[in-house]
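Scroll down for the structure; my scribbles are underneath it.
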Amino acid sequence: MSKENEKKEGSELMEKIVSLCKRRGFIFPGSEIYGGLAGTWDWGHFGLALKNNVKASWWKKFVDSRRDMYGIDAAILMRQEVWQATGHAEHFADPMVECDKCHKRFRADQIEDKVKCADCGGKLSEARQFNMMFQTKVGASEDSSSISYLRPETAQGVFVNFKNTVDAFHPKLPFGMAQIGKAFRNEITPRDFIFRQREFEQMEIEYFVRPEDWERYFEFFKDEMFEWIEEIGIDMTKVHDIEIAAEDRAHYSSRTVDFEFEYPFGQKELFGLAYRSDFDLKTHKLDYIDEENSKKIIPHVIEPSFGLDRAVLALLTSAYAEDEKDGEVRSYLKFKPSMAPVICAVSPLLKNKPELVEYANTKVFAPLKAEFGRVAWDDNGNIGKRYRRQDEIGTPFCIVVDFETLTDNEVTVRDRDTGAQERVKVEALKDYIKNRLV
Ligand code: ATP
(Lines give C-alpha, C1' and ligand atoms only; values in the text may rest on other atoms or scores of the structure.)
Protein backbone atom coordinates (compact mmCIF):
# COMPACT_ATOMS: atom_id res chain seq x y z
CA MET A 1 0.00 0.00 0.00
CA SER A 2 1.30 3.48 -0.82
CA LYS A 3 2.28 5.80 2.04
CA GLU A 4 -0.57 8.12 1.08
CA ASN A 5 -3.20 5.34 1.25
CA GLU A 6 -1.77 4.03 4.50
CA LYS A 7 -2.13 7.50 6.02
CA LYS A 8 -5.70 7.82 4.74
CA GLU A 9 -6.67 4.40 6.07
CA GLY A 10 -5.06 5.19 9.41
CA SER A 11 -6.92 8.45 9.83
CA GLU A 12 -10.23 6.79 8.84
CA LEU A 13 -9.63 4.12 11.48
CA MET A 14 -8.82 6.77 14.10
CA GLU A 15 -12.04 8.61 13.22
CA LYS A 16 -14.01 5.40 13.77
CA ILE A 17 -12.34 4.72 17.11
CA VAL A 18 -12.76 8.30 18.39
CA SER A 19 -16.40 8.29 17.34
CA LEU A 20 -17.09 4.90 18.91
CA CYS A 21 -15.43 6.07 22.14
CA LYS A 22 -17.75 9.07 22.31
CA ARG A 23 -20.91 7.28 21.17
CA ARG A 24 -20.50 4.43 23.63
CA GLY A 25 -19.38 6.48 26.61
CA PHE A 26 -15.64 5.70 26.74
CA ILE A 27 -13.92 9.05 26.15
CA PHE A 28 -15.30 12.56 25.55
CA PRO A 29 -13.52 15.77 24.43
CA GLY A 30 -12.63 17.91 27.48
CA SER A 31 -14.86 20.97 28.21
CA GLU A 32 -16.84 20.11 25.08
CA ILE A 33 -19.96 22.19 25.75
CA TYR A 34 -17.73 25.30 25.83
CA GLY A 35 -15.94 24.45 22.60
CA GLY A 36 -13.35 22.00 23.95
CA LEU A 37 -9.95 22.43 25.56
CA ALA A 38 -7.13 21.11 23.38
CA GLY A 39 -5.12 18.28 24.89
CA THR A 40 -7.74 17.29 27.47
CA TRP A 41 -10.15 14.35 27.40
CA ASP A 42 -12.80 13.24 29.89
CA TRP A 43 -13.36 9.59 30.67
CA GLY A 44 -16.88 8.17 30.58
CA HIS A 45 -18.09 5.11 32.45
CA PHE A 46 -16.74 2.45 30.07
CA GLY A 47 -13.43 4.19 29.35
CA LEU A 48 -12.91 4.53 33.06
CA ALA A 49 -13.66 0.83 33.57
CA LEU A 50 -11.10 -0.05 30.90
CA LYS A 51 -8.53 2.31 32.41
CA ASN A 52 -9.14 0.88 35.90
CA ASN A 53 -8.67 -2.66 34.58
CA VAL A 54 -5.35 -1.68 33.01
CA LYS A 55 -4.23 -0.01 36.24
CA ALA A 56 -5.30 -2.99 38.36
CA SER A 57 -3.48 -5.44 36.11
CA TRP A 58 -0.33 -3.29 36.23
CA TRP A 59 -0.44 -2.91 40.01
CA LYS A 60 -1.00 -6.65 40.44
CA LYS A 61 1.95 -7.60 38.24
CA PHE A 62 4.47 -4.98 39.29
CA VAL A 63 3.53 -4.39 42.94
CA ASP A 64 1.21 -6.89 44.60
CA SER A 65 2.78 -10.04 43.19
CA ARG A 66 6.29 -8.96 44.26
CA ARG A 67 7.98 -8.71 47.66
CA ASP A 68 10.28 -5.82 46.82
CA MET A 69 7.89 -3.04 45.72
CA TYR A 70 6.55 -0.13 47.73
CA GLY A 71 3.66 1.98 46.50
CA ILE A 72 3.48 5.73 46.84
CA ASP A 73 0.86 8.34 45.98
CA ALA A 74 2.70 11.66 46.18
CA ALA A 75 1.17 15.14 45.92
CA ILE A 76 1.05 16.60 42.42
CA LEU A 77 2.20 20.00 43.71
CA MET A 78 5.75 20.02 45.00
CA ARG A 79 8.19 22.71 46.04
CA GLN A 80 9.77 24.47 43.07
CA GLU A 81 13.21 23.42 44.38
CA VAL A 82 12.43 19.84 43.26
CA TRP A 83 12.18 20.97 39.63
CA GLN A 84 15.14 23.31 39.91
CA ALA A 85 17.31 20.50 41.28
CA THR A 86 16.33 18.06 38.52
CA GLY A 87 16.88 20.60 35.75
CA HIS A 88 13.23 20.52 34.66
CA ALA A 89 12.72 24.24 35.44
CA GLU A 90 15.49 25.02 32.96
CA HIS A 91 15.54 22.16 30.46
CA PHE A 92 12.11 20.49 30.28
CA ALA A 93 11.42 22.10 26.94
CA ASP A 94 10.62 21.29 23.34
CA PRO A 95 11.80 23.34 20.34
CA MET A 96 9.00 25.59 19.07
CA VAL A 97 8.58 27.65 15.89
CA GLU A 98 5.92 30.28 15.19
CA CYS A 99 4.37 31.35 11.88
CA ASP A 100 4.82 35.11 11.24
CA LYS A 101 1.44 35.27 9.43
CA CYS A 102 -1.14 33.16 11.32
CA HIS A 103 0.93 32.97 14.56
CA LYS A 104 0.27 29.28 14.91
CA ARG A 105 2.95 27.45 16.88
CA PHE A 106 4.46 24.07 16.00
CA ARG A 107 6.90 21.65 17.57
CA ALA A 108 9.97 22.15 15.39
CA ASP A 109 11.05 18.51 15.49
CA GLN A 110 7.62 17.27 14.37
CA ILE A 111 7.13 19.22 11.15
CA GLU A 112 8.45 18.26 7.73
CA ASP A 113 8.77 21.74 6.22
CA LYS A 114 10.95 23.76 8.60
CA VAL A 115 10.60 26.99 6.57
CA LYS A 116 6.94 27.37 5.55
CA CYS A 117 3.83 27.14 7.74
CA ALA A 118 1.82 24.00 6.84
CA ASP A 119 -1.44 25.86 7.52
CA CYS A 120 -1.07 29.22 5.71
CA GLY A 121 2.30 29.15 3.94
CA GLY A 122 3.71 31.99 6.12
CA LYS A 123 7.34 32.08 7.22
CA LEU A 124 8.33 30.10 10.29
CA SER A 125 10.52 31.67 12.97
CA GLU A 126 13.80 30.26 14.29
CA ALA A 127 13.19 27.50 16.84
CA ARG A 128 13.23 28.51 20.51
CA GLN A 129 12.91 26.36 23.61
CA PHE A 130 9.41 26.25 25.14
CA ASN A 131 9.19 24.97 28.72
CA MET A 132 6.35 22.47 29.03
CA MET A 133 5.70 22.70 32.76
CA PHE A 134 2.43 24.28 33.88
CA GLN A 135 3.27 26.95 36.42
CA THR A 136 0.94 27.83 39.26
CA LYS A 137 1.00 29.70 42.58
CA VAL A 138 0.51 28.09 45.96
CA GLY A 139 -1.27 30.17 48.58
CA ALA A 140 -2.33 33.81 48.56
CA SER A 141 1.12 35.35 48.22
CA GLU A 142 2.14 36.58 44.77
CA ASP A 143 5.93 36.58 45.11
CA SER A 144 8.20 34.12 43.35
CA SER A 145 8.56 31.88 46.40
CA SER A 146 4.95 30.76 45.90
CA ILE A 147 5.65 29.35 42.41
CA SER A 148 4.92 25.67 41.95
CA TYR A 149 4.38 23.41 38.97
CA LEU A 150 1.93 20.68 38.09
CA ARG A 151 4.33 17.74 37.93
CA PRO A 152 5.37 16.79 34.39
CA GLU A 153 6.26 13.23 35.47
CA THR A 154 5.36 11.07 38.45
CA ALA A 155 8.98 9.95 38.98
CA GLN A 156 10.05 12.88 41.17
CA GLY A 157 7.21 12.16 43.63
CA VAL A 158 8.92 8.81 44.13
CA PHE A 159 12.45 10.19 44.55
CA VAL A 160 11.44 12.81 47.12
CA ASN A 161 9.94 9.96 49.16
CA PHE A 162 12.97 7.67 48.85
CA LYS A 163 14.22 8.49 52.36
CA ASN A 164 10.76 8.21 53.92
CA THR A 165 10.30 4.80 52.34
CA VAL A 166 13.73 3.54 53.40
CA ASP A 167 13.18 4.81 56.97
CA ALA A 168 9.68 3.34 57.21
CA PHE A 169 10.23 -0.07 55.59
CA HIS A 170 14.01 -0.71 55.75
CA PRO A 171 14.06 -2.38 52.32
CA LYS A 172 17.18 -4.24 51.17
CA LEU A 173 18.60 -3.57 47.71
CA PRO A 174 17.34 -4.16 45.12
CA PHE A 175 13.87 -2.75 45.73
CA GLY A 176 11.42 -0.57 43.87
CA MET A 177 8.87 2.16 44.37
CA ALA A 178 5.77 2.39 42.19
CA GLN A 179 3.30 5.14 41.51
CA ILE A 180 0.24 5.68 39.34
CA GLY A 181 -0.86 9.26 38.91
CA LYS A 182 -1.50 12.30 36.78
CA ALA A 183 1.20 14.21 34.96
CA PHE A 184 0.87 17.49 33.09
CA ARG A 185 2.76 18.83 30.09
CA ASN A 186 1.91 21.97 28.19
CA GLU A 187 2.48 20.20 24.86
CA ILE A 188 2.91 22.62 21.95
CA THR A 189 0.72 20.54 19.66
CA PRO A 190 -1.45 18.01 21.50
CA ARG A 191 -2.79 15.55 18.94
CA ASP A 192 -3.80 12.06 17.93
CA PHE A 193 -6.66 11.62 20.41
CA ILE A 194 -5.31 10.52 23.81
CA PHE A 195 -1.78 9.90 22.47
CA ARG A 196 -0.43 13.39 23.16
CA GLN A 197 -2.39 15.21 25.84
CA ARG A 198 -1.67 18.05 28.22
CA GLU A 199 -3.02 16.09 31.18
CA PHE A 200 -2.43 12.33 31.30
CA GLU A 201 -1.66 9.46 33.63
CA GLN A 202 1.58 7.59 34.16
CA MET A 203 2.42 4.32 35.86
CA GLU A 204 6.06 4.38 36.87
CA ILE A 205 8.55 2.28 38.78
CA GLU A 206 11.86 3.46 40.13
CA TYR A 207 13.87 0.33 40.85
CA PHE A 208 16.93 0.86 43.05
CA VAL A 209 19.89 -1.46 42.46
CA ARG A 210 23.57 -1.75 43.32
CA PRO A 211 25.50 0.10 40.59
CA GLU A 212 27.14 -3.07 39.29
CA ASP A 213 23.75 -4.80 38.85
CA TRP A 214 22.05 -2.28 36.57
CA GLU A 215 22.36 -4.22 33.31
CA ARG A 216 20.83 -7.35 34.76
CA TYR A 217 17.76 -5.49 36.03
CA PHE A 218 17.45 -3.44 32.88
CA GLU A 219 17.11 -6.67 30.91
CA PHE A 220 14.79 -8.14 33.56
CA PHE A 221 12.34 -5.22 33.34
CA LYS A 222 12.51 -5.16 29.56
CA ASP A 223 11.19 -8.74 29.58
CA GLU A 224 8.61 -7.94 32.25
CA MET A 225 7.33 -5.01 30.20
CA PHE A 226 6.92 -7.19 27.10
CA GLU A 227 5.15 -9.80 29.19
CA TRP A 228 2.65 -7.32 30.63
CA ILE A 229 1.98 -5.69 27.24
CA GLU A 230 1.02 -9.11 25.91
CA GLU A 231 -0.93 -10.00 29.04
CA ILE A 232 -3.38 -7.12 28.70
CA GLY A 233 -4.05 -7.88 25.03
CA ILE A 234 -2.05 -5.34 23.05
CA ASP A 235 -1.26 -6.67 19.55
CA MET A 236 2.36 -7.87 19.92
CA THR A 237 2.98 -7.82 16.18
CA LYS A 238 2.72 -4.02 16.41
CA VAL A 239 5.11 -3.56 19.36
CA HIS A 240 8.80 -2.83 18.75
CA ASP A 241 11.66 -2.12 21.14
CA ILE A 242 14.02 0.56 19.95
CA GLU A 243 17.43 1.37 21.44
CA ILE A 244 17.65 5.16 21.74
CA ALA A 245 20.92 6.77 20.65
CA ALA A 246 22.87 8.77 23.25
CA GLU A 247 22.17 12.12 21.55
CA ASP A 248 18.40 11.50 21.59
CA ARG A 249 18.10 10.41 25.23
CA ALA A 250 16.64 12.54 28.03
CA HIS A 251 19.28 14.40 30.04
CA TYR A 252 18.96 12.02 33.02
CA SER A 253 19.25 8.76 31.09
CA SER A 254 22.36 6.66 30.43
CA ARG A 255 20.44 4.06 28.43
CA THR A 256 16.90 4.13 27.05
CA VAL A 257 14.82 1.55 25.23
CA ASP A 258 11.55 2.82 23.87
CA PHE A 259 8.65 0.47 23.30
CA GLU A 260 6.94 1.72 20.18
CA PHE A 261 3.52 0.76 18.88
CA GLU A 262 2.14 0.92 15.35
CA TYR A 263 -0.79 3.28 16.00
CA PRO A 264 -3.07 4.04 13.03
CA PHE A 265 -1.22 7.38 12.71
CA GLY A 266 2.25 5.78 12.67
CA GLN A 267 4.79 3.97 14.82
CA LYS A 268 5.34 6.00 17.97
CA GLU A 269 6.30 5.67 21.62
CA LEU A 270 4.13 3.54 23.86
CA PHE A 271 6.34 3.14 26.95
CA GLY A 272 9.93 3.78 27.92
CA LEU A 273 12.61 1.99 29.92
CA ALA A 274 15.46 4.14 31.18
CA TYR A 275 18.63 3.61 33.18
CA ARG A 276 18.76 6.80 35.22
CA SER A 277 22.03 5.80 36.97
CA ASP A 278 22.45 7.79 40.22
CA PHE A 279 21.25 11.02 38.60
CA ASP A 280 18.17 11.58 40.76
CA LEU A 281 19.39 10.44 44.16
CA LYS A 282 22.56 12.50 43.70
CA THR A 283 20.51 15.47 42.58
CA HIS A 284 18.39 15.33 45.73
CA LYS A 285 21.47 14.56 47.89
CA LEU A 286 20.09 11.22 48.98
CA ASP A 287 21.90 8.01 49.76
CA TYR A 288 21.42 4.58 51.26
CA ILE A 289 23.22 2.83 54.10
CA ASP A 290 24.04 -0.77 53.33
CA GLU A 291 22.96 -2.63 56.48
CA GLU A 292 25.47 -5.42 55.88
CA ASN A 293 28.59 -3.27 56.13
CA SER A 294 27.19 0.11 57.23
CA LYS A 295 28.65 1.68 54.06
CA LYS A 296 26.94 4.57 52.31
CA ILE A 297 26.08 3.99 48.67
CA ILE A 298 24.05 5.77 46.05
CA PRO A 299 21.86 3.15 44.40
CA HIS A 300 21.33 3.31 40.65
CA VAL A 301 17.87 3.43 39.13
CA ILE A 302 16.08 1.44 36.44
CA GLU A 303 12.86 3.15 35.40
CA PRO A 304 10.09 1.32 33.54
CA SER A 305 7.68 4.10 32.59
CA PHE A 306 4.19 3.46 31.24
CA GLY A 307 1.71 5.98 29.85
CA LEU A 308 -1.70 4.74 30.95
CA ASP A 309 -3.56 6.62 28.22
CA ARG A 310 -1.25 5.27 25.53
CA ALA A 311 -1.81 1.75 26.91
CA VAL A 312 -5.57 2.29 26.54
CA LEU A 313 -5.13 3.67 23.01
CA ALA A 314 -2.99 0.69 22.01
CA LEU A 315 -5.62 -1.61 23.51
CA LEU A 316 -8.45 0.12 21.67
CA THR A 317 -6.65 -0.05 18.32
CA SER A 318 -5.62 -3.68 18.92
CA ALA A 319 -9.20 -4.62 19.82
CA TYR A 320 -11.08 -2.73 17.12
CA ALA A 321 -12.48 -5.08 14.49
CA GLU A 322 -15.11 -5.11 11.78
CA ASP A 323 -16.86 -7.95 10.00
CA GLU A 324 -19.74 -8.25 7.59
CA LYS A 325 -22.85 -10.35 7.86
CA ASP A 326 -25.87 -10.26 5.54
CA GLY A 327 -24.52 -7.08 3.93
CA GLU A 328 -24.29 -5.29 7.28
CA VAL A 329 -20.95 -4.16 8.72
CA ARG A 330 -20.56 -4.67 12.43
CA SER A 331 -17.82 -3.07 14.49
CA TYR A 332 -16.71 -4.56 17.77
CA LEU A 333 -13.95 -4.40 20.35
CA LYS A 334 -12.41 -7.80 20.94
CA PHE A 335 -10.93 -7.11 24.37
CA LYS A 336 -9.70 -9.99 26.48
CA PRO A 337 -12.67 -10.77 28.77
CA SER A 338 -10.61 -9.83 31.85
CA MET A 339 -9.97 -6.34 30.41
CA ALA A 340 -13.45 -5.65 28.99
CA PRO A 341 -15.37 -2.78 30.63
CA VAL A 342 -18.41 -5.05 30.82
CA ILE A 343 -17.90 -8.78 31.35
CA CYS A 344 -21.43 -9.76 30.47
CA ALA A 345 -24.79 -8.18 29.67
CA VAL A 346 -28.06 -9.70 30.82
CA SER A 347 -31.30 -9.25 28.85
CA PRO A 348 -34.84 -10.48 29.12
CA LEU A 349 -35.91 -11.43 25.58
CA LEU A 350 -38.87 -9.03 25.83
CA LYS A 351 -38.98 -6.18 28.30
CA ASN A 352 -42.77 -6.06 28.54
CA LYS A 353 -43.06 -9.61 29.88
CA PRO A 354 -42.86 -9.29 33.68
CA GLU A 355 -42.11 -13.00 34.21
CA LEU A 356 -39.02 -12.76 31.95
CA VAL A 357 -37.87 -9.50 33.54
CA GLU A 358 -38.36 -10.88 37.05
CA TYR A 359 -36.41 -14.07 36.27
CA ALA A 360 -33.61 -12.23 34.43
CA ASN A 361 -33.26 -9.71 37.21
CA THR A 362 -33.35 -11.91 40.30
CA LYS A 363 -31.93 -15.23 39.09
CA VAL A 364 -29.33 -14.06 36.57
CA PHE A 365 -28.43 -10.37 36.77
CA ALA A 366 -28.30 -9.92 40.57
CA PRO A 367 -26.06 -12.92 41.36
CA LEU A 368 -23.71 -12.18 38.44
CA LYS A 369 -23.53 -8.51 39.41
CA ALA A 370 -22.66 -9.47 42.99
CA GLU A 371 -19.94 -11.83 41.73
CA PHE A 372 -18.33 -9.87 38.90
CA GLY A 373 -19.40 -6.22 39.36
CA ARG A 374 -18.90 -5.29 35.70
CA VAL A 375 -22.25 -6.72 34.58
CA ALA A 376 -24.78 -4.69 32.55
CA TRP A 377 -28.55 -4.86 32.35
CA ASP A 378 -29.62 -4.28 28.77
CA ASP A 379 -33.28 -4.34 27.71
CA ASN A 380 -33.18 -1.49 25.22
CA GLY A 381 -34.39 -2.21 21.66
CA ASN A 382 -34.57 -5.63 20.04
CA ILE A 383 -32.02 -8.37 20.66
CA GLY A 384 -30.11 -7.59 17.44
CA LYS A 385 -29.67 -3.97 18.51
CA ARG A 386 -28.54 -5.01 21.99
CA TYR A 387 -25.91 -7.32 20.51
CA ARG A 388 -24.58 -4.52 18.25
CA ARG A 389 -24.37 -2.14 21.22
CA GLN A 390 -22.61 -4.66 23.46
CA ASP A 391 -20.26 -5.61 20.59
CA GLU A 392 -19.17 -1.99 20.34
CA ILE A 393 -18.59 -1.83 24.08
CA GLY A 394 -16.58 -5.04 23.78
CA THR A 395 -18.79 -7.17 26.06
CA PRO A 396 -17.61 -10.76 25.54
CA PHE A 397 -20.86 -12.48 26.67
CA CYS A 398 -24.51 -11.56 26.15
CA ILE A 399 -26.95 -13.59 28.20
CA VAL A 400 -30.60 -13.79 27.19
CA VAL A 401 -33.50 -15.07 29.29
CA ASP A 402 -36.34 -16.36 27.11
CA PHE A 403 -39.59 -18.27 27.63
CA GLU A 404 -37.82 -21.63 27.63
CA THR A 405 -35.63 -20.44 30.50
CA LEU A 406 -38.71 -20.34 32.72
CA THR A 407 -39.10 -24.10 32.36
CA ASP A 408 -35.58 -25.46 31.74
CA ASN A 409 -33.52 -22.91 33.74
CA GLU A 410 -31.15 -22.46 30.82
CA VAL A 411 -30.12 -19.20 29.19
CA THR A 412 -28.62 -18.37 25.82
CA VAL A 413 -25.03 -17.14 25.99
CA ARG A 414 -23.78 -15.43 22.85
CA ASP A 415 -20.08 -15.06 22.09
CA ARG A 416 -19.05 -11.56 20.94
CA ASP A 417 -16.37 -12.62 18.44
CA THR A 418 -17.98 -15.60 16.72
CA GLY A 419 -21.65 -14.81 17.32
CA ALA A 420 -22.04 -18.47 18.36
CA GLN A 421 -24.79 -19.17 20.89
CA GLU A 422 -25.07 -21.92 23.45
CA ARG A 423 -27.50 -22.86 26.17
CA VAL A 424 -26.06 -22.81 29.67
CA LYS A 425 -27.70 -23.83 32.96
CA VAL A 426 -28.35 -20.79 35.14
CA GLU A 427 -26.70 -22.49 38.10
CA ALA A 428 -23.53 -23.04 36.01
CA LEU A 429 -23.29 -19.45 34.71
CA LYS A 430 -20.79 -18.13 37.26
CA ASP A 431 -18.33 -20.94 36.56
CA TYR A 432 -18.93 -20.67 32.83
CA ILE A 433 -17.84 -17.02 32.93
CA LYS A 434 -15.04 -17.54 35.45
CA ASN A 435 -13.49 -20.20 33.23
CA ARG A 436 -13.45 -17.79 30.31
CA LEU A 437 -12.22 -14.75 32.23
CA VAL A 438 -8.68 -14.84 30.85
P1 ATP B 1 7.17 11.66 23.66
O2 ATP B 1 8.55 11.46 23.07
O3 ATP B 1 6.08 10.90 22.94
O4 ATP B 1 6.84 13.08 23.95
P5 ATP B 1 8.42 11.20 26.16
O6 ATP B 1 9.61 10.40 25.76
O7 ATP B 1 8.58 12.63 26.45
O8 ATP B 1 7.23 10.96 25.12
P9 ATP B 1 8.42 10.18 28.82
O10 ATP B 1 8.91 11.46 29.41
O11 ATP B 1 9.36 9.05 28.70
O12 ATP B 1 7.75 10.48 27.40
O13 ATP B 1 7.10 9.75 29.61
C14 ATP B 1 6.82 8.40 29.95
C15 ATP B 1 5.53 7.92 29.28
O16 ATP B 1 4.47 8.84 29.52
C17 ATP B 1 5.63 7.82 27.77
O18 ATP B 1 6.23 6.59 27.39
C19 ATP B 1 4.19 7.91 27.36
O20 ATP B 1 3.57 6.64 27.47
C21 ATP B 1 3.59 8.84 28.40
N22 ATP B 1 3.42 10.21 27.87
C23 ATP B 1 4.38 11.15 27.74
N24 ATP B 1 3.88 12.29 27.26
C25 ATP B 1 2.56 12.07 27.08
C26 ATP B 1 1.48 12.89 26.62
N27 ATP B 1 1.67 14.15 26.26
N28 ATP B 1 0.23 12.36 26.56
C29 ATP B 1 0.03 11.07 26.93
N30 ATP B 1 1.00 10.25 27.38
C31 ATP B 1 2.25 10.75 27.46
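The rows are residues; the columns are (1) in a strand (DSSP E or B); (2) under 30 Å from V18 (Cβ atoms); (3) not assigned by TED's automatic domain parsing to the domain that holds I302.
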site: D241; (1), (2), (3): yes, yes, no
site: H251; (1), (2), (3): no, no, no
site: F259; (1), (2), (3): yes, yes, no
site: G272; (1), (2), (3): yes, yes, no
site: Y275; (1), (2), (3): yes, no, no
site: L281; (1), (2), (3): no, no, no
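Counting only strands (runs of 3 or more DSSP E) that fall entirely inside the range 1-101 and contain at least 1 residues that are over 20 Å from the mean Cα position of the chain (by Cα), the qualifying elements are 69-71, 77-79, 93-98.
Taking G71 as the residue in question, decide whether it is within 30 Å of A340 (Cβ to Cβ), in contact (Cβ under 8 Å) with a residue 24 or more places away in the chain and touching a Pro at 6+ places or on another chain (Cβ under 8 Å). For G71, the condition - within 30 Å of A340 (Cβ to Cβ), in contact (Cβ under 8 Å) with a residue 24 or more places away in the chain and touching a Pro at 6+ places or on another chain (Cβ under 8 Å) - is not met.
Residue count for the range 256-274 satisfying the condition of being away from the ligand (no atom under 13 Å from the Cβ) and either more than 25 Å from R191 (Cα to Cα) or in contact (Cβ under 8 Å) with a residue 60 or more places away in the chain (or both): 1. List the residue pairs whose Cβ atoms are under 6 Å apart, where the first residue sits in the range 351-364 and is in the same structural domain as V424 (by TED's automatic domain parsing), the second is in a helix (DSSP H, G or I), and the two are 6 or more positions apart or on different chains. Correct list of pairs: K363/V426.
It is to be established whether one or more residues within the range 302-320 are part of a loop (DSSP other than H, G, I, E, B) and over 30 Å from S331 (Cβ atoms). No, the conditions are met nowhere in the range 302-320.
Only residues that are buried (at least 23 other Cβ atoms within 10 Å of the Cβ) and assigned to a helix (DSSP H, G or I) were counted in the range 392-404, giving 1.
Is there any pair linking a residue in the range 403-414 that is over 16 Å from N352 (Cα atoms) and among the acidic types (D, E) to one that is at pLDDT below 95 and surrounded by 18 or more Cβ atoms within 10 Å (Cβ to Cβ), with Cβ under 6 Å and at least six apart or on different chains, and which? Partner pairs satisfying both residue conditions: none exist. Quick one: A118 ticks every box in (1) within 24 Å of E303 (Cβ to Cβ); (2) surrounded by fewer than 19 Cβ atoms within 10 Å (Cβ to Cβ) except a single one, so which number is it? All conditions pass for A118, except number (1). Screening K163 on (1) in the same structural domain as I72 (by TED's automatic domain parsing); (2) more than 30 Å from Y207 (Cβ to Cβ); (3) of a type outside the set (A, V, I, L, M, F, W, C) shows it passes everything except condition (2). Could you list, in sequence order, the residues of the range 338-364 that are over 29 Å from N53 (Cβ atoms) and either surrounded by 24 or more Cβ atoms within 10 Å (Cβ to Cβ) or under 37 Å from the mean Cα position of the chain (by Cα) (or both)? L349, the sole residue that qualifies.
The values are calculated or read from the model by the stated rules, or taken from the named source; none is laboratory data. The structure displayed is predicted, hence computed values, not measured ones. When we count neighbours, we look across all protein chains shown, and the Cβ atoms used for this are built from the backbone with ideal geometry, even at glycine.
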